[in-house]
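Shown next, in structure tokens, is the structure this report addresses.
Every read-out reported here was derived from the displayed coordinates using simple, explicitly stated rules and does not represent laboratory data. Here the structure is a predicted model, which means the values were calculated and not measured. Ideal geometry is used to build each Cβ from the backbone, glycine not excepted, and the neighbour counts take in all protein chains shown.
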């Protein structure tokens, strides 16, 4: 090797070394800048109010986990700065900033049709619930979301949902029979655990709607229920792993809590894969005689509809693969039952603390004919007021973080690309600036005075966001609302009840929705009977 070659090698080696050192120094300097300078001294949002007790690396994650409630510490910040449209906090990550949406106008800026696609679901949120609900409509973005929503929207219209009233009534009647059994059974002594009962009923309803399959009411425990309980009702170690997974993906770690969670997720996907493959085979081609199996759904169920219109679409650009069908089913099976079951659980618990409200509901319910129509139920003002207030007072959805994909304007402020916008329903629903001094009081009468906005002081319909607003609002609102109405009507006609747990129910944390932690018990008696 010549001297020139050796010299060249030496120069290259030194250049690489010095380049690596320079790169490391620049990277370290940038890290220090992001950690200690940008957030407090440079960010264009630094003048906004917000908490200062964040962890330098984990942001507010530790405080959120320690709070024991997915809605906290957001609601604490709202109470401290009730008039601020936006509250700034440090997100997980180096310079990551979060903005809590704290009034109706700011919420509208983020959720309205002109701007909602400027945001995407955050990566931590995807990790939190992606293995449970798949990557269908909930996680679709932009033009893909528009296309999916348009393709599925016809099944969720009020005119289509009306056909499910007899099915919903049948499930409610079975629930009444279960409560009645608890009243007459000396062993139960009038005690009813409602969380599991509601999960069974709402899973049964969504399985009919989505799959065309009736799992048999309350008669048995299905694999679906077992899987969802394993993924939703986490152990202490499971909740800790879920919190860590928000920061660093760790579902692959071979520990017990992860195995339980992932085994349930795998089983759930396996069941839906089998149902989907069977349905694809059963849907006839254009030149074949239809060989569809009998369906429990009064209209075309979601899976059959998707196979016919999307899997077998004439235009290849419009087709959905088998895997895409399964992702959509995961979406609707999970979100379609869990939030409705949660709404019923929280509502029934709260009504058990307010017997005077149940008495007024009963009085209105008894004005109905023996077999009320959809219109009969829809015209009950107090029932509607109670449900709206229950959803205001305790909303099943805790909040879905959205990350700005480019610079945006919210509440008159320029918000940089990469900022997380956090809409937490409880923050708007319990803000005294919006609802007055009784914002934290359960008061259905507020909706009788103003059925649309419940007397919200700024007169903005975005003060009530139980189902969201805009193009990303809950597609299943009509089905969920009718399900809750039919169940509560059936119960108040025949029963009085008292909540065993006094005050606010403890909930699972972290969680993408508000889910009671542990069992939820009521003491039940028939109307006019003395409690045992």
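Stretched out straight at 0.36 nm per residue, the stretch from residue 14 to residue 181 would grow longer than its current Cα-Cα span by 51.8 nm. When each of the peptides 239-245, 25-31 is scored by the mean number of other C-beta atoms lying within 10 Å of its residues, the order from highest to lowest reads 239-245, 25-31.
Label zone of residue 448 (point 7 Å out along Cα→Cβ, amide N under 13 Å): in segment 331-364 this covers 356-364.
Pairs of Cα atoms nearer than 8 Å and 6+ residues apart set the relative contact order; for the chain it is 23 percent. Checking the a/c ratio against 1.5 first, then a/b against b/c, what shape does the Cα gyration tensor give for segment 44-138? Oblate, since a/c reaches 1.5 and b/c is not below a/b. Between residue 363 and residue 441, the FRET efficiency estimated from the beta carbon spacing at R0 = 25 angstrom works out to 0.70. Model label points for residue 162 and residue 147, set 7 angstrom from Cα along the Cα-to-Cβ axis, are 3.3 nm apart. Taking 0.36 nm per residue of separation and subtracting the current Cα-Cα distance, fully stretching the chain between residue 319 and residue 62 would add 88.2 nm.
Spin-label pair residue 135-residue 26: with each label point 7 Å from Cα along the Cα-Cβ axis, the two points sit 3.2 nm from one another. Over the residues of the chain, the helix contribution to mean residue ellipticity at 222 nm works out to -15500 deg cm²/dmol, using -39500 (n - 2.57) for each DSSP H run of at least 4. For the chain, the longest principal axis of the Cα atoms and the long axis of helix 123-133 meet at an angle of about 40 degrees. For segment 43-526, what class follows from the C-alpha gyration tensor (a ≥ b ≥ c being the square roots of its eigenvalues): rounded when a/c is under 1.5, otherwise prolate if a/b is larger than b/c, else oblate? Rounded, since a/c falls under 1.5. Computing FRET efficiency as 1/(1 + (r/R0)^6) for residue 253 and residue 233, where r is the C-beta to C-beta distance and R0 is 25 Å, gives about 0.80. Cα gyration tensor of segment 460-523, axes a ≥ b ≥ c as square roots of the eigenvalues: rounded (a/c below 1.5), prolate (a/b > b/c) or oblate? Because a/c hits 1.5 or more and a/b fails to exceed b/c, segment 460-523 counts as oblate. A Förster distance of 41 Å, applied to the separation of the beta-carbon atoms of residue 188 and residue 405, puts the FRET efficiency at 0.15. Students often get this wrong: which residues of segment 47-69 have the backbone nitrogen under 20 Å from the point 7 angstrom along Cα-to-C-beta of residue 40? Answer for segment 47-69: 47-63. For segment 121-262, relative contact order (Cα pairs under 8 Å, six or more residues apart, normalised by length) works out to 24 percent.
Of the peptides 59-67, 364-372, the order by per-residue mean of other Cβ atoms within 10 Å, starting with the highest, comes out as 59-67, 364-372.
Packing, as the average of other Cβ atoms within 10 Å across residues, places the peptides 341-348, 188-195, 309-316 in the order 341-348, 188-195, 309-316, highest first.
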